[in-house]
Amino acid sequence: GAVVSQHPSWVICKSGTSVKIECRSLDFQATTMFWYRQFPKQSLMLMATSNEGSKATYEQGVEKDKFLINHASLTLSTLTVTSAHPEDSSFYICSARDTSGPSTDTQYFGPGTRLTVL
Amino acid sequence: AQSVTQPDIHITVSEGASLELRCNYSYGATPYLFWYVQSPGQGLQLLLKYFSGDTLVQGIKGFEAEFKRSQSSFNLRKPSVHWSDAAEYFCAVGPRSYQLTFGKGTKLSVIP
C-alpha cells in the first residue's frame, strides 16, 4: 500500500516551453501533497505544499508564477513549470501525506521526474 | 526551529558488516521521526518511523532505529549489510509528517 506515482519520469523540453508533472496517490486519499526539488548530491528542498481544493503554499524564494501547482482531487496534484529555462533543470519529487489512520501520518514519495531544459 | 544533522556524509562498509547511521535532531516537543532511503535516480522509500511508544522501531529490509530523547538522536542500524543496501539515507523530523525537515543525507557504499 501507500504508493505514489509520478509522470513523466523524465522529460526534455526547449527553453521557453511549459512542462506539466503529475503526482498521484494510488491507494489512499491525500488532502496534502508536497513538491520538492533535489539538486545533485543534495538533500530535498521543499518548494510548496499543495492542499486539495485550495491554493498551494509556496516556500520562500519559490516563484509561484513559474511553478504552478494544482491539487484538484484527493489523489492528484500537478506541477507546471512555466516558461522553463535551463536553470529549472532538476529532479522534482512529489510526496503525498497519508493520514488515514491513527498510526499513519506519513509522507510517501513518488519516484521523481528528471527535467532537462535545453 | 527544527533541524536535522546527519554527521556522516559518506560511509563505506563491507558486505555482512553491521551498520549504524547517525541522526541528531533539534525539536521542541516530541517529534515525528523518519528514515528514508533513496537509490540513484529514484524517489524516497520509507524505511521506518517513530511517533510514540516503544523507542526501538523496526522497519523494512531488516533496518531498525532507536529514539533516544536524552541524546536527541534517532540512529539507524542494520546487523548485516547487503550490497543492495548501497544508497542515500535521509533522516527527517517534524511535528507530524506535515512539515518535515530533512538531513543532508548519508551515502552508503558497500564493499563486496
Practice task
Name every residue in the stretch A:36-56 that is within 20 Å of A:GLN6 (Cα to Cα) and of a type in the set (S, T, N, Q), in order of residue number.
Solution key: A:GLN38, A:SER43, A:THR49, A:SER50, A:ASN51
Exercise for the section: Filter the stretch B:77-100 down to the residues that are among the hydroxyl-bearing types (Ser, Thr, Tyr) and out of contact with any Gly (no Cβ under 8 Å at 6 or more places or on another chain), then identify the one that is surrounded by the fewest Cβ atoms within 10 Å (Cβ to Cβ). Expected result: B:SER84
Problem - Residues located in the stretch B:62-73, provided they are within 13 Å of the chain's Cα centre (by Cα) and of a type in the set (D, E, K, R) - result: B:GLU64, B:GLU66
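Could you say which residue among B:LEU76, B:LEU100, B:LEU47 is within 14 Å of the chain's Cα centre (by Cα), under 23 Å from A:VAL4 (Cβ atoms), at pLDDT below 95 and among the hydrophobic types (A, V, I, L, M, F, W, C)?
Result of the check over B:LEU76, B:LEU100, B:LEU47: B:LEU100.
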Exercise for the section: Could you check how many residues of the stretch B:34-76 are away from chain A (no Cβ under 11 Å), closer than 25 Å to A:ARG24 by Cα and either touching a Gly at 6+ places or on another chain (Cβ under 8 Å) or surrounded by 21 or more Cβ atoms within 10 Å (Cβ to Cβ) (or both)? Expected result: 2
Practice task
Among the residues of the stretch A:102-118, count how many are assigned to a strand (DSSP E or B) and either at the interface with chain B (Cβ under 8 Å from one of its Cβ atoms) or crowded, with 17+ Cβ neighbours inside 10 Å (or both).
Solution key: 8
Fill in the blank from the handout: The condition of being more than 26 Å from A:PHE39 (Cα to Cα) and in contact with a helix residue (DSSP H, G or I) (Cβ under 8 Å, 6 or more places away or on another chain) holds, among B:LYS68, B:LYS78, only for B:LYS78
Exercise for the section: Would you please name the residue that is nearest to the chain's Cα centre (by Cα), looking only at residues in the stretch A:30-77 that are over 25 Å from B:PHE90 (Cα atoms), polar (S, T, N, Q) and surrounded by 13 or more Cβ atoms within 10 Å (Cβ to Cβ)? Expected result: A:ASN70
Practice task
Would you check which residues across the stretch B:1-28 are out of contact with any Pro (no Cβ under 7 Å at 6 or more places or on another chain), farther than 11 Å from B:ASN75 by Cβ and loosely packed, with under 14 Cβ neighbours inside 10 Å and list them?
Solution key: B:ALA1, B:SER3, B:ILE9, B:HIS10, B:THR12, B:SER14, B:GLY16, B:ALA17, B:SER26, B:GLY28
Handout entry: Residue satisfying all of: in the stretch B:87-112; of a type in the set (A, V, I, L, M, F, W, C) and at the interface with another protein chain (Cβ under 9 Å from one of its Cβ atoms); farthest from B:LEU76 (Cα to Cα) among these
Key = B:LEU100
Problem - Pick from the stretch A:86-101, criterion more than 13 Å from chain B (Cβ to nearest Cβ) and charged (D, E, K, R), ranking: surrounded by the fewest Cβ atoms within 10 Å (Cβ to Cβ) - result: A:GLU87
Handout entry: Test set (1) in contact with a strand residue (DSSP E or B) (Cβ under 6 Å, 6 or more places away or on another chain); (2) among the charged types (D, E, K, R); (3) within 16 Å of A:ALA2 (Cβ to Cβ) - A:GLU59 fails condition number
Key = (3)
Completion exercise
Counting only residues in the stretch A:4-22 that are away from every other protein chain (no Cβ under 13 Å) and part of a loop (DSSP other than H, G, I, E, B), the one surrounded by the fewest Cβ atoms within 10 Å (Cβ to Cβ) is identified as A:LYS14
Problem - Subset of the stretch A:32-83 (residues that are within 14 Å of chain B (Cβ to nearest Cβ), under 17 Å from A:ARG114 (Cα atoms) and of a type in the set (Gly, Ala, Ser)) - result: A:SER43
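The values are calculated or read from the model by the stated rules, or taken from the named source; none is laboratory data. Everything numeric here is computed off the predicted structure, so don't read it as measured data. Neighbour counts are summed over all protein chains in view; Cβ atoms, including those assigned to glycine, are modelled from backbone coordinates with ideal geometry.
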